[in-house]
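Structure first, then comments.
The values are calculated or read from the model by the stated rules, or taken from the named source; none is laboratory data. As the structure is a prediction and not an experimental result, all values here were calculated from the model. Here Cβ is always computed from backbone atoms with ideal geometry, including for glycine, and neighbour counts include all displayed protein chains.
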Amino acid sequence: MRAGDEPVFAALAERLRRELQVYCYRMVGSFEESEDLVQETFLRAWRARASFEGRASVRAWLYRIATNACLDVLERRSRRTLPHHVTPPWSPDAELPPPADQPWLQPFPDQLLEVAAPPGEQPDTVVVTRETIELVFLAAIQYLPPRQRAAVILRDVLGWRAREVADLLDVSVPAVNSALQRARETLRRQLPEQRHGWARTTEVTAEERTMLRRFMDATERADIAAIAELLADDVRATMPPWPMWFAGKDAVVESMTAGLGAGIPGRFRMLAAGANRQPAAAAYVRRPGDTLYRAFAIELLRFEHGRIVEITAIHDIPFEPFGLPRVLDMPDR
């Protein structure tokens, strides 16, 4: 590789592409940027291949380069957010504001989270557990300064040793431990209280799948009463890139009543989607005069105690990375 054997370099790099992309995604909160950052990592690595001394693994070397690429991006822009981080709750009868041109969190396709362990690595080093990829975690980690963010991902999410993290960040072990202590305290403040003791899991539960199907069916039928039965009293609904969000069951139900076409069934079609290992659905809308259903939003749900506590409907994103078509030609039901 150091001698410039491009096929050897490509083989070494490509086997780590997916896990590096997930790492970059956690760092920057953007699926699109994570793709670009992996390409930038490989480009930087190829240019610097002669400097690889072999004292650390290729994996650690590429993570160092990816971290620096992410830090460069994060120095140039503000953190990615969701609407409830930047505005107060919106009244359902308020006029729809224009989409806000600011960095919003983006979802990550589940089909790209199936990361195989590289040869010689333990499988659990690359397992993408649900609690470290859900939007609620991504939103919380965005509150950390970039280098703290890297430290907590490498140490607490990927399980690197403190010395390995210190070497990657060019700091001392005490500095890493201090950064982790501050980062963990920030996360305790930002994460929902009941999520501090997460059990490691990668699967949506059978109960959540059932609830998701009920939500999808009720949406297609524009059955507001059925949707209301699924919602927690303190449910929150957001829809980036629109900066508005709704707090509480009454406000969410009122906003959905308007959005679902005054109770007329058939305006929307829903397909199950895989995003951030959460219960998720792809929403398609058929507008007046159109015969086709067109991509509208990826909706991610969060459940607690058998009720929906958060709906994040992310608009204006490509459906293809989720294995979904942009257009549906479906008969009326």
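Summary table
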{"quantity": "Any chance Y25 is aromatic (F, W, Y), under 19 Å from the mean Cα position of the chain (by Cα) and part of a helix (DSSP H, G or I)", "calculated": "yes"}
{"quantity": "Pair list, Cβ under 8 Å, 6 or more apart: the range 288-303 residue without any contact (Cβ under 8 Å) to a residue 40 or more places away in the chain, other residue in a strand (DSSP E or B) and among the charged types (D, E, K, R)", "calculated": "Y293/R269"}
{"quantity": "Residue, surrounded by the fewest Cβ atoms within 10 Å (Cβ to Cβ), within the range 52-91, restricted to residues that are in contact with a strand residue (DSSP E or B) (Cβ under 7 Å, 6 or more places away or on another chain) and in a helix (DSSP H, G or I)", "calculated": "H84"}
{"quantity": "Only listed residue being within 24 Å of R189 (Cα to Cα), touching a helix residue (DSSP H, G or I) at 6+ places or on another chain (Cβ under 7 Å) and either charged (D, E, K, R) or assigned by TED's automatic domain parsing to the domain that holds H315 (or both), chosen from R26, R64", "calculated": "R26"}
{"quantity": "Given (1) at pLDDT below 90; (2) touching a Pro at 6+ places or on another chain (Cβ under 6 Å), index of the condition R80 fails", "calculated": "(1)"}
{"quantity": "Checklist (1) more than 14 Å from the chain's Cα centre (by Cα); (2) surrounded by fewer than 20 Cβ atoms within 10 Å (Cβ to Cβ) applied to E32, failing item", "calculated": "(1)"}
{"quantity": "Identity of the residue in the range 1-22, of a type outside the set (A, V, I, L, M, F, W, C) and not in a helix (DSSP H, G or I), that ends up nearest to G274 (Cα to Cα)", "calculated": "R15"}
{"quantity": "Helices (runs of 4 or more DSSP H) wholly inside the range 106-220 that include at least 3 residues being surrounded by 18 or more Cβ atoms within 10 Å (Cβ to Cβ) and at pLDDT below 90", "calculated": "none"}
{"quantity": "3 or more residues closer than 12 Å to P107 by Cβ and either modelled with pLDDT under 95 or of a type in the set (G, A, S) (or both): qualifying strands (runs of 3 or more DSSP E) within the range 244-329", "calculated": "268-275, 278-285"}
{"quantity": "Positions within the range 76-98 being within 22 Å of L144 (Cα to Cα) and touching a residue at least 24 places away in the same chain (Cβ under 8 Å), in sequence order", "calculated": "R77, S78, R79, R80, T81, L82, P83, H84, H85, V86, T87"}
